[in-house]
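The structure appears right after this line, and notes come after that.
The values are calculated or read from the model by the stated rules, or taken from the named source; none is laboratory data. Note that the structure is a prediction, hence the values are computed from the model and not measured. Cβ placement follows ideal geometry from the backbone for every residue including glycine, while neighbour counts extend to all protein chains displayed.
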């Protein structure tokens, strides 16, 4: 079993990843800015205070962990949106300070930079609202940065275009840089199945220093 630190553990995706990891008997450290907002209790769960933009805090909470998961998104408002790209820099810098003992990094990504069947990227779709475009491009900037990093074992996981709480089926499909769509032409995945994909990647690494996409 792995020791996993989840940054942003009280968000929708972060809490699902925490729950999935605990259900599989991993030891989890939930890293949040306000521990009072974490309601989950479990013998294998520890709660730590930390900020994803604080390099020293990243080093502190990552020490002794096998994997650090960044579940920082952008759907919770402008304050969260502004952290996406800077967080990638702070995370990698904080892990570098651990030298040869640094854990893997798995970062929640976005769907905007994925390619559609017509060869365009999702963020080129006409009519997308400005706030959503800002989130997409912020994730794109973070991914561009990760792709320059060769001394941290990072993985960036892009969800389908539509991700929301739903049912855990335990199944999903993967691609690299392509948007996954189902037989109805829809690109969806439940938060629960996205969390399954994250923990699967923790248990069986297949995408070191790569982005991959998941969908139903």
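See the values below:
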item	result
Test set (1) out of contact with any helix residue (DSSP H, G or I) (no Cβ under 7 Å at 6 or more places or on another chain); (2) surrounded by fewer than 20 Cβ atoms within 10 Å (Cβ to Cβ); (3) part of a helix (DSSP H, G or I) - residue 85 fails condition number	(1)
Counted residues, the range 90-107 - those being touching a helix residue (DSSP H, G or I) at 6+ places or on another chain (Cβ under 9 Å) and outside any loop (DSSP other than H, G, I, E, B)	11
Matching option when the condition is in contact with a helix residue (DSSP H, G or I) (Cβ under 8 Å, 6 or more places away or on another chain), surrounded by fewer than 23 Cβ atoms within 10 Å (Cβ to Cβ) and modelled with pLDDT of 95 or more, among 3, 44	44
Residue list for the range 14-41, restricted to those being in contact with a helix residue (DSSP H, G or I) (Cβ under 8 Å, 6 or more places away or on another chain) and at pLDDT 95 or above	16, 17, 19, 20, 21, 24, 26, 28, 29, 30, 31
Pick from the range 197-207, criterion buried (at least 17 other Cβ atoms within 10 Å of the Cβ) and out of contact with any helix residue (DSSP H, G or I) (no Cβ under 6 Å at 6 or more places or on another chain), ranking: farthest from residue 102 (Cα to Cα)	197
